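Participant: Pasting a structure here, questions to come.
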């Protein structure tokens, strides 16, 4: 098994543009939106961080923390967002390690609980997340599951 490097983008600021483009390619949200959030984190304007898993210099997994992940429960904040692992790297615990990393980092800063929205059932529970309620995604026809990590 390869030895991966897990970092936040404050530690590896040189990845800011590459990471913004990578997240954009995975989720279709404009690169500029990711860039703005990542830059605010790097500048210390927010503690809502951005985290990636590297195989050498290549980003193979990542996630971020934002105020709200495009749903109607604006009171449930912050939200983990953009959780993604490259297909060839799945089933190796990468997303789980990133999720644990973000939970630990947020708790160390007194930011708890944290939330996330997902259609997955059974995945996030493995990492201590609990189903909390349904939330209506912006422009989505059906509500989606919202999880909490306390």
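Participant: Within the stretch 5-22, can you find the residues that are under 13 Å from the mean Cα position of the chain (by Cα) and part of a loop (DSSP other than H, G, I, E, B)?
Facilitator: 9
Participant: Quickly run through the stretch 106-138 and pick out the residues that are touching a residue at least 60 places away in the same chain (Cβ under 8 Å) and either within 12 Å of the chain's Cα centre (by Cα) or assigned to a loop (DSSP other than H, G, I, E, B) (or both).
Facilitator: 109, 111, 136, 138, listed by residue number.
Participant: Kindly indicate whether residue 84 is in contact with a helix residue (DSSP H, G or I) (Cβ under 7 Å, 6 or more places away or on another chain), more than 24 Å from residue 15 (Cβ to Cβ), modelled with pLDDT of 95 or more and not in a loop (DSSP other than H, G, I, E, B).
Facilitator: no
Participant: What single numbered condition from (1) touching a residue at least 12 places away in the same chain (Cβ under 8 Å); (2) within 15 Å of residue 59 (Cα to Cα) fails to hold for residue 29?
Facilitator: Answer for residue 29: the failing condition is (2).
Participant: Count, please, the residues in the stretch 94-105 that happen to be surrounded by 16 or more Cβ atoms within 10 Å (Cβ to Cβ), without any contact (Cβ under 8 Å) to a residue 60 or more places away in the chain and either out of contact with any helix residue (DSSP H, G or I) (no Cβ under 7 Å at 6 or more places or on another chain) or farther than 18 Å from residue 63 by Cα (or both).
Facilitator: Summing the residues that are surrounded by 16 or more Cβ atoms within 10 Å (Cβ to Cβ), without any contact (Cβ under 8 Å) to a residue 60 or more places away in the chain and either out of contact with any helix residue (DSSP H, G or I) (no Cβ under 7 Å at 6 or more places or on another chain) or farther than 18 Å from residue 63 by Cα (or both) in the stretch 94-105 gives 3.
Residue by residue, here is whether (1) at pLDDT below 95; (2) touching a strand residue (DSSP E or B) at 6+ places or on another chain (Cβ under 9 Å); (3) assigned to a helix (DSSP H, G or I); (4) over 17 Å from residue 18 (Cα atoms) holds:
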site: 65; (1), (2), (3), (4): no, yes, no, yes
site: 80; (1), (2), (3), (4): no, yes, no, yes
site: 88; (1), (2), (3), (4): no, yes, yes, yes
site: 100; (1), (2), (3), (4): no, no, yes, yes
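Participant: Something else now. Which ones in the stretch 139-150 are more than 20 Å from residue 104 (Cα to Cα) and either in a loop (DSSP other than H, G, I, E, B) or in contact with a helix residue (DSSP H, G or I) (Cβ under 6 Å, 6 or more places away or on another chain) (or both)?
Facilitator: Those that are more than 20 Å from residue 104 (Cα to Cα) and either in a loop (DSSP other than H, G, I, E, B) or in contact with a helix residue (DSSP H, G or I) (Cβ under 6 Å, 6 or more places away or on another chain) (or both): 139, 140, 141, 142, 143.
Participant: Then there is this: Based on this model, can you work out whether residue 47 counts as at negative phi, modelled with pLDDT of 95 or more and assigned to a loop (DSSP other than H, G, I, E, B)?
Facilitator: yes
Participant: Conditions first: (1) surrounded by 15 or more Cβ atoms within 10 Å (Cβ to Cβ); (2) farther than 27 Å from residue 126 by Cα; (3) in contact with a helix residue (DSSP H, G or I) (Cβ under 7 Å, 6 or more places away or on another chain). Residue 30 passes all but one, so which condition is the exception?
Facilitator: Only one criterion is unmet by residue 30, namely (1).
Participant: Looking only at the stretch 124-145, decide whether some residue is closer than 14 Å to residue 8 by Cα and surrounded by 18 or more Cβ atoms within 10 Å (Cβ to Cβ).
Facilitator: no
The values are calculated or read from the model by the stated rules, or taken from the named source; none is laboratory data. These numbers come from a predicted model, not from an experiment. Reconstructed Cβ throughout: ideal geometry from the backbone, glycine too, with neighbour counts over all protein chains shown.
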